[in-house]
Amino acid sequence: MNKAILKLALIATLLTTSSLWAKPLKVQWRLRGGATWTGDLHGRSGENFILLQRPGKDLKPVGVGVNTIIELKFKVNVDAKDLGDLMEEKEFALVSAKLEPALKPFVEYDDIPSNLTPYNVMLMEAYYRTGDFDKTLAVAKRVAKDDRDPELQARSKVYQILAMIDAGKVAEAESLIRSFGWDKNLTEVTSPEQLYIMAKFMTLKKDYSEAMLYVARVIAFNSSNMDWMKPSELLCAEIYTEMGLYDSAEEICGQIEELYKGSVEYDQAKVLKQKIEKLRPLEKKNAE
């Protein structure tokens with residue numbers, strides 16, 4: 001091959017690797033051999049290599065195998081404490097508005113373990129709380145790729161199924177539940193999140209008696225676990241509403257308002273009570 005053809009081939013290769021032209025990302029990377037370096041990430045070269053450059057005038061970006069990297073540590077342009085405070089204040093739309101642009105430069109590296117997983121977990125929940133279920137599912141799948149923290153992986157599974165259920169996708173939710181094995185051997189010792197998921201799913205299918213069975217197990221055997229007690233009590237009120245048992249639903253809403261002031265469930269209980277107030281006259285009219 002003559003020099004002119006070789007030069008054209010090189011230019012074509014560079015042009016097809018479009019991320020090379022983007023501004024490098026500052027990153028620290030740890031390799032399986034124990035070495036840790038800090039430098040620039042210039043992009044990807046195919047699926048299996050990323051282009052990294054250590055500090056130094058004479059050094060060029062080199063391809064590093066993705067399977068040799070233990071972790072990438074990026075500098076994320078957000079304040080983690082500020083985000084945590086906003087989550088506590090239920091400013092979920094603001095959280096996603098801050099995190100979306102901050103995480104966008106790193107999306108093409110989401111198959112590599114990194115320090116971004118906690119941020120993605122926060123974004124996943126923020127999307128869910130604002131009812132953006134497609135984005136919830138996409139980020140939850142991203143979190144699931146990082147197998148270093150089983151607890152966060154389990155949390156991503158919860159949000160994957162919740163996004164399907166709340167989007168009304170019965171078949172997809174059922175398929176996901178089965179793939180996780182969460183529809184089998186459900187007893188009082190089953191994790192409260194699995195019981196809650198099954199209660200939500202049965203509610204979606206309008207199998208209210210089965211849904212109530214799972215809700216009752218959460219409430220009876222996990223009373224100290226507020227992460228799942230609060231949504232389970234709210235779900236119980238929602239099921240009663242669907243069944244037309246408005247007095248029972250309102251009673252539970254009142255308990256939630258009394259016990260869980262300032263919580264997401266507190267806000268949702270108030271909305272549910274307003275819904276019941278609108279449903280009562282309709283039920284009375286239909287009965288006449």
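Answer yes if at least one residue in the stretch 21-29 is outside the structural domain of F106 (by TED's automatic domain parsing), in a helix (DSSP H, G or I) and either among the hydroxyl-bearing types (S, T, Y) or modelled with pLDDT of 90 or more (or both), and no otherwise. It would help to see each step written out before you state the result.
From the stretch 21-29, those outside the structural domain of F106 (by TED's automatic domain parsing) are 21-29; that's our starting set.
Now narrow it down to the ones that are in a helix (DSSP H, G or I): 21.
Okay, now just the ones that are also either among the hydroxyl-bearing types (S, T, Y) or modelled with pLDDT of 90 or more (or both), so none.
No, because not a single residue in the stretch 21-29 is outside the structural domain of F106 (by TED's automatic domain parsing), in a helix (DSSP H, G or I) and either among the hydroxyl-bearing types (S, T, Y) or modelled with pLDDT of 90 or more (or both).
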Scanning the stretch 175-208 residue by residue, the ones that are modelled with pLDDT of 95 or more, surrounded by 18 or more Cβ atoms within 10 Å (Cβ to Cβ) and in a loop (DSSP other than H, G, I, E, B) total 0
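Could you tell me whether L59 is among the hydrophobic types (A, V, I, L, M, F, W, C), farther than 30 Å from K261 by Cα and not in a loop (DSSP other than H, G, I, E, B)?
On the way: among the hydrophobic types (A, V, I, L, M, F, W, C): yes; farther than 30 Å from K261 by Cα: yes; not in a loop (DSSP other than H, G, I, E, B): no.
For L59, the condition - among the hydrophobic types (A, V, I, L, M, F, W, C), farther than 30 Å from K261 by Cα and not in a loop (DSSP other than H, G, I, E, B) - is not met.
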Among the residues of the stretch 105-115, is any surrounded by 13 or more Cβ atoms within 10 Å (Cβ to Cβ), within 29 Å of D227 (Cβ to Cβ) and touching a helix residue (DSSP H, G or I) at 6+ places or on another chain (Cβ under 6 Å)? yes
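Which one of S223, S248 is assigned to a loop (DSSP other than H, G, I, E, B), more than 24 Å from T130 (Cα to Cα) and not acidic (D, E)?
On the way: S248 fails: assigned to a loop (DSSP other than H, G, I, E, B).
Residue meeting the stated conditions: S223.
Is there a residue in the stretch 156-163 that is touching a residue at least 60 places away in the same chain (Cβ under 8 Å) and within 13 Å of the chain's Cα centre (by Cα)?
No, there is no match, as no residue in the stretch 156-163 is touching a residue at least 60 places away in the same chain (Cβ under 8 Å) and within 13 Å of the chain's Cα centre (by Cα).
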Taking the criterion of being modelled with pLDDT of 95 or more and over 30 Å from I70 (Cα atoms), would at least one residue in the stretch 132-139 satisfy it? yes
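Out of the stretch 78-93, which residues are within 15 Å of K135 (Cβ to Cβ) and surrounded by fewer than 16 Cβ atoms within 10 Å (Cβ to Cβ)?
Taking the stretch 78-93 as the starting set, the residues that turn out to be within 15 Å of K135 (Cβ to Cβ) are 92-93.
The answer is A93, and nothing else.
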Unique residue being assigned by TED's automatic domain parsing to the domain that holds K169 and touching a Lys or Arg at 6+ places or on another chain (Cβ under 7 Å) when the list is E89, E108, E125: E108
Name the residues in the stretch 34-50 that are without any contact (Cβ under 8 Å) to a residue 40 or more places away in the chain, under 17 Å from D110 (Cβ atoms) and hydrophobic (A, V, I, L, M, F, W, C), would you? F49
Number of positions in the stretch 38-88 that are over 22 Å from T117 (Cβ atoms) and touching a helix residue (DSSP H, G or I) at 6+ places or on another chain (Cβ under 6 Å): 1
Conditions first: (1) in contact (Cβ under 8 Å) with a residue 12 or more places away in the chain; (2) part of a helix (DSSP H, G or I); (3) closer than 25 Å to R129 by Cβ. E172 passes all but one, so which condition is the exception? (1)
Complete set of residues in the stretch 68-126 that are acidic (D, E) and more than 16 Å from the chain's Cα centre (by Cα): E71, D79, D82, D85, E88, E89, E91, E108
Would you point out which residue out of D247, D207, D267 is out of contact with any helix residue (DSSP H, G or I) (no Cβ under 7 Å at 6 or more places or on another chain), in contact (Cβ under 8 Å) with a residue 40 or more places away in the chain and not assigned by TED's automatic domain parsing to the domain that holds L162? D267
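The values are calculated or read from the model by the stated rules, or taken from the named source; none is laboratory data. Because the structure is a prediction, the values reported are computed rather than measured. All Cβ positions, even for glycine, are placed from backbone atoms using ideal geometry, and neighbour counts span all protein chains on display.
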